[in-house]
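One structure is given here, and the rest of the page talks about it.
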Amino acid sequence: MKNDADVIVIGASPAGISAAFAASAQDIDVTLIEQKNGIGDPPHPANTFFQGMFDKTSEIVHSEYVIREMAGAEIVSPSGSRIVVDAPGYIIDRRKFDEYHVRELIEHNVDIHTGVTAHNIIKKDKKIQISTSDRTFTSDIVIIADGISSKLSALVGLHPTKYPHDIAWAVEAEVEADGIGEPDFFEYHVGSIAPGWKATYSPGGGDRANLGVFVRRHGQDVSRFFDLWLERFKKQKDISELRIIRKHTGGDPIATIPNRIVSAGIGIMVTGGAAGQSGIAYGMRAGEICGSVAAKAITQASTPKALAASKTSAKVLSEYPRLWGKEFGSEYRLGRSALEALRKMDDKEIDRLVGLFAGEDVNQITGTGSPTSKAVRVMRFMLRRKPVSALSCLPSIIRAGI
Ligand SMILES: Cc1cc2nc3c(=O)[nH]c(=O)nc-3n(C[C@H](O)[C@H](O)[C@H](O)COP(=O)(O)OP(=O)(O)OC[C@H]3O[C@@H](n4cnc5c(N)ncnc54)[C@H](O)[C@@H]3O)c2cc1C
């Protein structure tokens, strides 16, 4: 019996779409299954990224989905000290962003099935069978991109994230107030206002903005932190009238870290939030790597026998975690350690730490190069600038395992 496709991707997340695109670019048959009735409909609340991160993908940013270009971000401590980071970024219209990518998939002949939910994945007669709300699909390789707390990965016995309990649970609201959208820097407030990650202010232009909290290890309902953030924000910005247009909730896999993201011998790969690969841009790059490796496994097998022997073999598909680890491993580990240090510091310690960098050109301090060399430069700067303050932060940093 002929397969429905060589590769089937489940979930039209940024990673899933990029995996489907990268695989189809190698001229193999690709099917994408998405449970929503339309891709990007309703749109996912994630709608910002930085140019530096997007540069890791093989794409360029297109003006048709950009709402606003941003100059960078300010990291704000509990007492109001600020680190200003010049880093061009974007606020995007997520619906248009997803529509743009769907058009690309159609041009690449990806067979898209929306309104179809995948229920189970089994291997039978050397093929993978996916039972869905529509019918059973078959393929040789399946890429799971169904988002955080991936149900499908659990069904096939994979634990694709190392620290699943470290998802940052979020409440984010689109809000309206006079001139609230005008500043051209994002603001990320750290400390007890949003333990473990950040409270955000993304000015969307004119009278529109997004306000959110992303909190780790305080349960999934973090609305109490959002309410506190809203009150503090209104006070800080001296805003009396602010209208909430829409609220979103969800999880950000920021500190969850990939674990086993390939099922040896079965032909299953996991990508995006499901695999602890967080964010739009880094998710897209992870999806590109995943889709290219899947396609390579298909095209390398020249005969049916070779196909059965090598296509789904651990050796071929393990290229994916290897290549991902080479590109992102140390950055993710350092990022997690930094977030863990933040989670373990109290507001006074965070104030001291942010105070060390306030008024400094952070890009100058970090310089260029690998994440590790940047981290070493930052530590050196801290020790040179204010050894006593730097050393007072060390216990928390050590507790976090940097
Ligand atoms: C409120 C909020 C705001 C955020 N803002 C940002 C931001 O501004 N920038 C940023 O980079 N990151 C942001 N993030 C993080 C970001 O959402 C994720 O890291 C990123 O979207 C990666 O997506 P994902 O892989 O988790 O999958 P998702 O985007 O969740 O996509 C998974 C897809 O799979 C589909 N699916 C699930 N199960 C099935 C099934 N069984 N069958 C078929 N289809 C299925 C879903 O319908 C969905 O379309 C935000 C997160 C939250 C919660």
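The values are calculated or read from the model by the stated rules, or taken from the named source; none is laboratory data. Here the structure is a predicted model, which means the values were calculated and not measured. Cβ: placed from backbone, ideal geometry, glycine included. Neighbour counts: every protein chain shown.
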- Message: Going residue by residue through the range 134-150, is there one that turns out to be of a type in the set (Ser, Thr, Tyr), away from the ligand (no atom under 15 Å from the Cβ) and more than 30 Å from ILE239 (Cα to Cα)?
- Response: yes
- Task: Among the candidates ARG232, ARG285, ARG224, single out the residue that is part of a helix (DSSP H, G or I), basic (Lys, Arg) and surrounded by 23 or more Cβ atoms within 10 Å (Cβ to Cβ).
- Result: ARG285
- Out of the residues in the range 42-59 that are near the ligand (Cβ under 6 Å from one of its atoms) and polar (S, T, N, Q), which is nearest to TYR188 (Cα to Cα)? THR48
- Looking at the range 262-283, which of its residues are of a type in the set (A, V, I, L, M) and either more than 9 Å from the ligand (Cβ to nearest atom) or within 8 Å of the chain's Cα centre (by Cα) (or both)? VAL262, ALA264, ILE266, ILE268, MET269, VAL270, ILE280, ALA281
- Going by the conditions given, is GLU187 of a type in the set (Asp, Glu), under 21 Å from MET70 (Cβ atoms) and within 13 Å of the ligand (Cβ to nearest atom)? no
- Item | Leading residue by the ranking (farthest from the chain's Cα centre (by Cα)) among those in the range 1-15 that are on the phi < 0 side of the Ramachandran plot and near the ligand (Cβ under 6 Å from one of its atoms) | ILE10
- Within the range 129-163, track down each residue that is closer than 21 Å to ASN259 by Cβ and part of a strand (DSSP E or B). ILE141, VAL142, ILE143, ILE144, THR161
- Residues of the range 255-277 being surrounded by fewer than 24 Cβ atoms within 10 Å (Cβ to Cβ) and not in a strand (DSSP E or B), in sequence order, are ILE257, ASN259, ARG260, ALA264, GLY265, ILE266
- Note on the structure: Listed by range, helices (runs of 4 or more DSSP H) wholly within the range 316-372 having at least 2 residues that are over 20 Å from ARG82 (Cα atoms) and not charged (D, E, K, R) are 319-344
- In the range 116-129, anything more than 9 Å from the ligand (Cβ to nearest atom) and either buried (at least 17 other Cβ atoms within 10 Å of the Cβ) or under 15 Å from ALA5 (Cβ atoms) (or both) is listed as ILE121, LYS127, ILE128, GLN129
- How many residues are assigned to a loop (DSSP other than H, G, I, E, B) and surrounded by 13 or more Cβ atoms within 10 Å (Cβ to Cβ) if we restrict to the range 235-254? 4
- Query: Taking the range 204-218 as the search range and keeping residues that are free of Cβ contacts under 8 Å to residues at least 40 places away in the same chain and assigned to a strand (DSSP E or B), which one is farthest from SER278 (Cα to Cα)?
  - Reply: ARG208
- Message: Tally up the residues in the range 21-32 that are within 12 Å of the ligand (Cβ to nearest atom) and under 20 Å from GLN277 (Cα atoms), please.
- Response: 1
- Message: Looking at the range 328-340, I want the residues that are closer than 14 Å to SER278 by Cα and at pLDDT 90 or above and have a partner that is aromatic (Phe, Trp, Tyr) and surrounded by 16 or more Cβ atoms within 10 Å (Cβ to Cβ) with Cβ atoms under 9 Å, at least 6 apart or on another chain. Which pairs are those?
- Response: PHE328/TYR282; GLU331/TYR282; TYR332/TYR282; LEU339/TRP197
- Within the range 223-241, can one find any residue that is closer than 26 Å to ILE121 by Cβ and more than 11 Å from the ligand (Cβ to nearest atom)? no
